[in-house]
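Encoded as structure tokens, the structure appears first; notes follow it.
The values are calculated or read from the model by the stated rules, or taken from the named source; none is laboratory data. Since the model is a prediction, treat every value here as computed from it, not as a measurement. All Cβ positions, glycine included, derive from the backbone under ideal geometry; neighbour counts span all protein chains shown.
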Amino acid sequence: MSSPVQNPKRAPKPNWVSTRNPCKACAPLGATLVMRGIAGAVPFLHGSQGCATYMRRYIISHFREPMDIATSGFSEATTIFGGGANLHQGLENVTSQYHPSLIGIATTCLTETIGEDVHGLLHEFREKTKGDEKPLLVHVSTPSYSGTHIDGFHDAVRSVVEQLAEPGTSPSAYLDSFVNVFPGLVSSEDLRFLKEVAADFALPITLFPDYSETLDGPSMEKYKKIPEGGTTISALRATPSAKASIEFGRTLKTKRTAAAFLQEKFEVPAKRIGLPIGVRESDVFFAAMEKLTGHQTPEKYRQERGRLVDAYVDGHKYLFGKRAIVFGDEDLVIGLTSFLAETGVVPVLCASGGKSGALARSIAEVTTHVRGTVAVRDGVDFMTIAEELALKELKPDFVIGSSKAAKLARELGVPLIRVGFPIHDRIGGQRILHLGYRGAQQLFDLVVNTLLEVKQDSNLIGYSYL
Ligand code: SF4
């Protein structure tokens with residue numbers, strides 16, 4: 001009789017490997033951020049309490065703001081018999097405690113794995129509570145094993161628009177005069193910047209999601225369970241009346257975006273551009289704004305562009321030929337790579353935990369003028385990035401991305417420039433401006449000064465002029 005224990009030498013090699021220190025977060029986390037960007041809404045996770053706790057902690061430590069996420073609190077019994085009763089009870093509790101205008105329900109791995117019919121359960125709940133004054137319920141399916149927080153984010157944006165959009169709800173004076181803007185996961189400061197640009201172009205916009213205040217608001221005299229701000233439900237209902245939609249992201253999956261849905265169903269023209277980071281991608285954004293409004297870019301932004309180009313010239317001697325590892329969400333990586341490449345930095349490795357299939361092509365499009373090889377890896381974790389580095393001897397001068405690479409940068413002995421999401425070990429992540437010429441200016445100064453600091457600190461002279 002043969003032994004059940006296989007000779008390790010002869011055991012077949014698995015064709016998979018576990019994720020080790022992921023370079024992404026989970027899908028419902030992205031969805032909860034979107035729900036936090038709706039006025040009067042409460043995010044709700046149908047699943048285990050631990051998932052909600054993890055996401056709250058993750059989001060709070062970046063934004064430094066309260067982040068309530070309700071949950072149906074699955075137990076062993078609900079996992080076996082279904083969580084319908086918990087969901088209904090949870091919705092009742094949230095309604096009576098928060099009085100929200102909307103509850104945004106996302107699913108977790110567990111509810112997706114047991115095949116919970118959330119759509120049917122919500123239908124039952126609506127029937128059961130017919131006649132009562134109840135908040136709107138929207139639902140997004142976010143199995144984390146088939147996507148990242150970015151997928152969950154975009155799926156939630158689309159689901160909300162799909163479930164709320166109503167043609168003809170916009171006042172006729174307003175009809176066709178506004179534009180839907182779907183920016184993707186950017187910072188609160190980026191959202192404020194987009195609203196400022198739109199106001200300067202005299203263009204009314206529906207910005208969705210808008211957590212510029214709900215996740216970065218002023219200090220409150222009295223605690224409010226649901227913070228002020230967010231995209232209003234009436235604006236979301238009116239999205240089919242827009243004259244166009246503009247969305248950021250070169251790696252978006254065509255059929256899974258809100259702009260694509262509005263174009264297919266209501267013939268709202270959709271314009272897709274990359275995240276406007278750096279001169280090249282910001283030029284595309286401002287050109288799109290000019291086309292949409294028929295107005296020239298205001299002088300203020302022309303000045304910002306001019307100052308940025310001047311700074312590129314001033315700082316070129318410090319940056320030219322420096323080697324960077326860029327990592328994070330795919331569209332952020334593309335925007336940062338485009339920006340770094342135009343400053344003379346060589347992005348030696350561009351890596352993301354996302355796996356849209358469009359990363360390599362998009363990086364190639366924004367690095368046509370780079371001298372040297374740009375390695376691109378998608379669907380990777382930090383351990384893989386570290387292995388790649390050891391293998392290829394990429395010798396980076398700095399790493400740029402979220403605080404998740406702090407350990408990697410420390411092991412490499414190079415600085416980590418913190419941008420994007422999440423930033424858990426510094427304050428102000430939500431106030432970093434990445435977009436537009438102004439955002440590139442701030443990033444540029446940060447990169448140059450970080451490298452100057454390294455130079456200053458790593459020699460005995462400690463230059464005072466550099
Ligand atoms: S179980 Fe799934 S949904 Fe819950 S925290 Fe983990 S990855 Fe996210």
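For the reader, a short list of remarks on this structure follows.
- Subset of the range 193-216 that is surrounded by fewer than 17 Cβ atoms within 10 Å (Cβ to Cβ) and in contact (Cβ under 8 Å) with a residue 12 or more places away in the chain - its residue that is nearest to the chain's Cα centre (by Cα): Lys195
- Remark: pairs (first residue in the range 314-337, at positive phi; second residue in a helix (DSSP H, G or I) and buried (at least 18 other Cβ atoms within 10 Å of the Cβ); Cβ separation under 8 Å; 6+ apart in sequence or on different chains) = Gly328/Leu336.
- Residue in the range 137-155 that is over 17 Å from Ala31 (Cβ atoms) and of a type in the set (Asp, Glu) present: no
- Thr71 being farther than 30 Å from Thr206 by Cβ and either at pLDDT 95 or above or among the aromatic types (Phe, Trp, Tyr) (or both): no
- Selection within the range 231-271: residues that are buried (at least 17 other Cβ atoms within 10 Å of the Cβ) and assigned to a loop (DSSP other than H, G, I, E, B). The member of this set that is nearest to the chain's Cα centre (by Cα) is Gly249.
- Cβ-Cβ under 8 Å pairs, at least 6 apart or on other chains, the range 80-92 side buried (at least 19 other Cβ atoms within 10 Å of the Cβ), far side β-branched (Val, Ile, Thr): Gly83/Thr111; Asn86/Thr78; Leu87/Ile105; Leu87/Val118; Gly90/Thr71; Leu91/Ile103
- Take the conditions (1) crowded, with 18+ Cβ neighbours inside 10 Å; (2) within 16 Å of the ligand (Cβ to nearest atom); (3) assigned to a helix (DSSP H, G or I); Leu121 misses just one of them, which is (2).
- Hits in the range 104-134 - residues which are in contact (Cβ under 8 Å) with a residue 60 or more places away in the chain and touching a Gly at 6+ places or on another chain (Cβ under 8 Å): Ala106, Thr107, Thr108, Cys109, Leu110, Thr111, Glu116
- Members of the range 135-156 found to be over 18 Å from Asp381 (Cα atoms) and either at pLDDT below 90 or within 13 Å of the ligand (Cβ to nearest atom) (or both), listed by number: Val140, Ser141, Thr142, Pro143, Gly152
- Of all residues making up the range 77-118, the number that are within 16 Å of the ligand (Cβ to nearest atom), touching a helix residue (DSSP H, G or I) at 6+ places or on another chain (Cβ under 9 Å) and of a type outside the set (Ser, Thr, Tyr): 12
- Check on Val313, more than 18 Å from Leu408 (Cβ to Cβ) and buried (at least 19 other Cβ atoms within 10 Å of the Cβ): no
- Here Glu228 meets the list (1) in a loop (DSSP other than H, G, I, E, B); (2) under 27 Å from Gly328 (Cβ atoms); (3) in contact with an Asp or Glu (Cβ under 7 Å, 6 or more places away or on another chain) almost entirely, failing just condition (2).
- Residues in the range 24-73 that are in contact (Cβ under 8 Å) with a residue 12 or more places away in the chain, basic (Lys, Arg) and surrounded by fewer than 21 Cβ atoms within 10 Å (Cβ to Cβ) were compared, and the one that is farthest from the ligand (Cβ to nearest atom) is Arg64.
- Residues in the range 124-148 that are outside any helix (DSSP H, G or I) and over 28 Å from the mean Cα position of the chain (by Cα): Thr129, Lys130, Gly131, Asp132, Glu133, Lys134.
- Residues in the range 393-429 that are touching a strand residue (DSSP E or B) at 6+ places or on another chain (Cβ under 7 Å) and either of a type in the set (Lys, Arg) or assigned by TED's automatic domain parsing to the domain that holds Glu189 (or both): Lys395, Arg426.
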